[in-house]
Amino acid sequence: MKKFIFILCLFIGTFSYGQGTFEKSYNDGNWDRANCIRQCNDKGYVILGTSETASDYQCAYLIKTDSLGNIMWTKYFDMIWGNSIEKTFDGGYILLGNSTDNYRISVIKIDSAGNINWSRKFNFGTLYSEGNNIVQTSDGNYVIAGAYEISSGNENIFILKLNSNGENLWAKTYGDGGFDVVHDMKKTNEGGFIIVGESQVGYHGEYKLDVIKLNSVGTLVWKKKYDEGTSAYSVCSTFDNGYIILGVHLLMKIDSVGNVKWSKTTNILQGRCIIETNDKGFFATGDNFYIARTDSIGNLIWVNNLGLNHPYQGYLYDCIKTDDNGLAVIGFFDDDSIERESILFYKMDSVGCICPSINQISGPYNVTVNQPSEYNAKIYGTGSPYYNWSVKYGQILSGQGTALVNINWSQTGIDTLLLVVSNDCGKDSIYYSVNILDCVTPIIDSIYGYSYAHSEFDNYYVSKLEGTEPVVYNWTSDIATITTGNGTDSVTVRWLHDGTGYIKMVAENTCGTDSLIRYITVIHASIEDINSSQILIYPNPSHDGKFNIESKKKFEKLTIHSTGGQLLLDNTVFNGNSGLVDLSTLPKGIYILKLFSSNDCITKKLIIM
């Protein structure tokens, strides 16, 4: 079982699970989206999408992987969008998208190594046209389905047949003179084609789910609109020669002549891909990372939101059955870690399950006896996994069965925290070492600060020689109030009156306590009394050169002088009863502050230490 790996070659995030299942993410430094996936003859995969740079340049982006999703090579092609890819009879691939010039349809034939054999561009009319799907037919030729603009706000559907060299054999169009869009085309069991999308009659007309069935030469067999939905995004042929259709909140089964057999409302906001499973049920994907499994008549067996592993918006665009009877799903998501969109690739087993893989356990390495600590696991996988935690030198207080566990340690030593995560398709395990230490009572060296106070405010701090964290520091005094920092190892105090008093500090952790007392003599000569002089300055002395001023009297400006009378700061607007004087650019020493009102000037001494 592989553990969590990051490989940088582009940017590839790898999460491998049980045999045959995995999750991959790919990014080449741009905004990357995936539209289509196919399995190759070597059991690997090709993923076609789009790469967009920060300057809005777009091109088709092709990734070739091995059977485990590891990148073998990548290619870029001159297309705005890479919409569709098919494996060809000669072992190569045919790509469909739109060209970067004049909104034309672009077709590129490549060999198995991604080298271009030929490329062609086509256009219907003089306006916009887009190719959505391409398939290879039994005669070795190709058929393209898409839509083209016939006038502003109106589009028709087209079918284009190319020979094996990309030359046009025939083209046919289908439309009602309204707005017709193709979202998917598949080959039928009879050798023809089934096309699904949406149709709007009139500029403000209602959208209808649109289905077109054609024979092998593009002749219309039937065309129907359905009230059951507004749009269809995916279709596939079923064992009974009917068709299953996935749309917006809709799963619908029709027979070979287009009659509705049943329709179901889905939990998938906007369905993207539908395939029939070997048990004649269905597997569907959609926006916001939803995957779902139903029985043969559309009853929901389960629904899973893979977005629990990715807390940002994402889309699952295409899905296929794989040679090992599993499922492959691709899409893209907003990758907050790199502030880009990245491609996602899920390889699942036959029932859509991804075995769990433990990404990481987060929690402390150094812990203390009888002091609980939390550990949190991040995993990847489907379903509702069970988390089985076990330790030798401790007790699990809470969280067994979940990703977050709370453990109380009972004795010292190196312990191994074991986590086994399991779901319906497999399990994964990981070991996490923990160093359990004995609990040590705090021992305090000294209280540091002035023994003789000459200011309104002063700072005091302690030095701890030893003691198991966390330690709480409780400060008290009979001659000062603790203004800031109580609970920490450093406080600021404000003196209440002259005389001699004490500052006491008690350090406490779960093992015990230690305490110290420091006696202080407060000398009133330099303390500013706000009741008599109408002004309070603190801290004074200041260690960072910043002084707070509070006054009952309003001043208009202030100046700063050296003790020799030299003017250092002038025209500093004070404008009020309080403010901050910043002398942090001046060296340590004594300075003279002058505060000016309309009819008065008050002089005070400032000390920078």
Filter the stretch 112-128 for residues that are part of a loop (DSSP other than H, G, I, E, B) and in contact with a Ser or Thr (Cβ under 9 Å, 6 or more places away or on another chain); which is farthest from M72 (Cα to Cα)?
-> L127
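To keep it simple, each residue is scored yes or no on (1) farther than 26 Å from Y450 by Cβ; (2) in contact (Cβ under 8 Å) with a residue 60 or more places away in the chain; (3) in contact with a Gly (Cβ under 8 Å, 6 or more places away or on another chain).
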residue	(1), (2), (3)
P539	no, yes, no
H543	no, yes, no
E550	no, no, no
K554	yes, no, yes
L567	yes, no, no
L583	no, no, yes
S598	yes, no, no
C601	yes, no, no
M609	no, yes, no
Of the residues in the stretch 239-251 that are hydrophobic (A, V, I, L, M, F, W, C) and touching a Leu at 6+ places or on another chain (Cβ under 8 Å), the one that is nearest to V211 (Cα to Cα) is I245
May I ask you to list the residues in the stretch 53-66 that are modelled with pLDDT of 95 or more and in contact with a Ser or Thr (Cβ under 9 Å, 6 or more places away or on another chain)?
-> L62, I63, K64
Can you tell me which of N189, N165 is surrounded by fewer than 16 Cβ atoms within 10 Å (Cβ to Cβ) and in contact with a Ser or Thr (Cβ under 9 Å, 6 or more places away or on another chain)?
-> N189
If you take just the strands (runs of 3 or more DSSP E) that sit entirely in the stretch 353-434, which of them hold at least 2 residues that are among the small types (G, A, S)?
-> 357-362, 373-380, 394-398, 413-423
Of all residues in the stretch 414-428, which are surrounded by 14 or more Cβ atoms within 10 Å (Cβ to Cβ) and either touching a His at 6+ places or on another chain (Cβ under 6 Å) or more than 15 Å from I354 (Cβ to Cβ) (or both)?
-> D415, L417, L418, L419, V420
So, first residue touching a residue at least 12 places away in the same chain (Cβ under 8 Å) in the stretch 82-96, second residue among the small types (G, A, S) and in a loop (DSSP other than H, G, I, E, B), Cβ within less than 7 Å, six or more apart or across chains; the pairs are F89/G140; G91/S112; G92/S112
Given the conditions (1) within 21 Å of L48 (Cβ to Cβ); (2) in contact with a Ser or Thr (Cβ under 7 Å, 6 or more places away or on another chain), and given that S357 satisfies all but one, which numbered condition is not satisfied?
-> (1)
Of those in the stretch 229-255 that are part of a loop (DSSP other than H, G, I, E, B) and touching a residue at least 40 places away in the same chain (Cβ under 8 Å), the residue surrounded by the fewest Cβ atoms within 10 Å (Cβ to Cβ) is F239
Considering the stretch 456-482 alone, what residues qualify as being assigned to a strand (DSSP E or B) and more than 20 Å from C511 (Cβ to Cβ)?
-> F457, D458, N459, Y460, Y461, W475, T476, S477, A480, T481, I482
So is D66 farther than 16 Å from I47 by Cα and surrounded by fewer than 18 Cβ atoms within 10 Å (Cβ to Cβ) or not?
-> no
Filter the stretch 498-515 for residues that are assigned to a strand (DSSP E or B) and under 50 Å from the mean Cα position of the chain (by Cα); the one that is surrounded by the fewest Cβ atoms within 10 Å (Cβ to Cβ) is S515
Is the stretch 155-178 home to any residue that is acidic (D, E) and farther than 30 Å from K64 by Cβ?
-> yes
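The values are calculated or read from the model by the stated rules, or taken from the named source; none is laboratory data. Since we're looking at a predicted model, the values are computed, not measured. We place every Cβ from the backbone using ideal geometry, glycine too, and count neighbours over all the protein chains shown.
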